[in-house]
Amino acid sequence: MTKAVVLGLGGMGSAAAAHLARRGADVVGVEQFTPAHDRGSSHGDTRIIRQAYFEDPAYVPLLLHVYDLWADLERDDPGIFRLTGGLMVGRPDAEVVAGSLASVREHGLPHELLDAGEIRTRFPNLAPDDDEVGLYETRSGYVRPERTIHEHVRRAVAAGADLRFEERVLAWEADDSGVRVTTTRGTVEGDRLVVAPGAWAPQLLADLGVPMSVTRELVFWFEPSADPASYEPGRQPIFIWERPGASLYGFPCLDGVGRGAKIGLHRHGLPTDPDALDREVAAHEVEEVTAVLRELVPTLPGRFLRAVACLYTTTPDQDFVIGPHPEHPNVAVACGFSGHGFKFVPVVGEVLADLALEGATGHPIGLFDPTRFR
């Protein structure tokens, strides 16, 4: 039996642990915080999921597969995955519009292209300029990150994994004889290692040769000032809206109007140390996003409810890093998800299990080659 050590049990690591354990590996997972914690990049109640992928059409085959894996999670935890429809808004040459259109055309995905008037009629909460358009996709929606991690932890433990929380990894090493991970409680040895350290990748994968920046990002919840029912799932889609200097994304109101609608500015944060993250959200930061909302979604900033800080770990090309470690073939790495990775969590877990047990995967991960920056 292969003994696999998983370093980090956030979104990607917990999925890897579940897939490895279900395939019969002897799994030990180590995580410095509690399950589904709020210290990193896998919290905040919701994440957008979509197949109209403006970042690169090469992501779409993974997305077509991962929807099946989300449906499997949904069977054990109803509500973990929901399609609400999604709207990508901007001028026709905006990346979010032009890139999404390129993806749906290359892969034959169903979609509609709406002009500004059609957006206002279909989705009256949104106020596009006359020169803006929207690509609408029915197969967009949201997933629930904390519930996803808990479900993968449950599956891993049920399949025999030994998952250790509140135990920080200090160092790891690998050679032909195996892998060793040094933690605050001792040493863990195994045959294979999966390293999925989130925002701690610059420290724990410094030898990878991938320049990554860690930034503090904020998400906010607002209660609408008018017609709260119009913000419920089924009427309000998820959206990503690109304007010069700002990229706003948003969700419907979930679990009752009192929870509000979640809003964020994508890649708007400043560099930070993940161990010294400022978690307090200042009044001027709330006002900054409120000013954007007043222009784009006028009835949403009725009342500010709450805000939280999270972390992005971004590569220079904003693509992921997934593959065998270039110096250690018995180590698989997953990092640098650049603020758009959570929707891929179940398939990344599958890929990491493939790499750990087979040394290769049939999934298309060439775009994420860890050696591409060398």
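Here, each number is a calculation from the coordinates, and none is a lab measurement. Everything numeric in this text was worked out from a predicted model, so none of it was measured. Note: ideal-geometry Cβ built from the backbone for every residue, glycine included; neighbour counts use all protein chains shown.
Membrane-span-like helices in the chain (whole DSSP H runs, Cα extent of at least 18 Å along the helix axis, mean Kyte-Doolittle hydropathy of at least 0.5): 345-358. Averaging the Cα positions of each part gives two centres, and for segment 66-91 and segment 170-235 these lie 22 Å apart. Extension gain for Asp255 to Arg91 (0.36 nm times residue separation, less C-alpha to C-alpha distance): 55.8 nm.
In this rough spin-label picture, where each label sits 7 Å from Cα along the Cβ direction, the Gln318-Asp56 distance is 1.2 nm. If the chain linking Asp131 and Ala283 were pulled fully straight, counting 0.36 nm for each residue of separation and taking away their Cα-Cα distance, it would gain 51.5 nm. Considering only Asp317, Asp129, Asp354, the Gaussian network model of the chain with Cα springs below 10 Å gives its largest mean-square fluctuation to Asp317. Determine, from the Cβ-Cβ distance of Arg120 and His65 and an R0 of 30 Å, the FRET efficiency 1/(1 + (r/R0)^6), rounded to the nearest 0.05. Efficiency computed from Cβ-Cβ geometry: 0.25.
Built from the Cα atoms of segment 263-315, the convex hull projects on average onto 4.3 nm², one quarter of its surface area. Only DSSP H runs of four or more residues enter the estimate; each adds -39500 (n - 2.57), and after division by the residues of the chain the mean residue ellipticity at 222 nm equals -8000 deg cm²/dmol. Across segment 134-175, the residues whose backbone nitrogen lies under 12 Å from the label position 7 Å along the beta-carbon direction of Arg185 are 162-169. Look at where the Cα atoms of segment 263-335 and of segment 30-59 average out, and the two centres are 10 Å apart. Using 7 Å Cα-to-Cβ label points, what is the Leu113/Ala98 separation (nm, one decimal)? Going from the Leu113 label point to the Ala98 one covers 1.3 nm. Coordinate range of the alpha-carbon atoms in segment 30-165 per principal axis, descending: 55, 29, 25 Å. Each 10 Å bin, from zero up to the one with the longest distance, holds this percent of the alpha carbon pairs of segment 5-56: 22, 38, 30, 9.
Label separation (Phe165 vs Ala226): 4.5 nm, computed from points 7 Å beyond Cα along the C-beta direction.
Sorting Cys310, Cys335 from the fewest to the most surrounding beta carbons within 10 angstrom yields Cys310, Cys335. Note on the chain: with a GNM built from Cα contacts shorter than 10 Å, the maximum mean-square fluctuation among Gly323, Gly79, Gly336 falls on Gly79.
Full extension of the chain between Arg75 and Asp273 yields a length gain of 67.5 nm, computed as 0.36 nm times the residue separation minus the alpha carbon distance.
GNM on the chain, alpha-carbon springs under 10 angstrom: the most fluctuating residue among Gly339, Gly117, Gly245 is Gly245.
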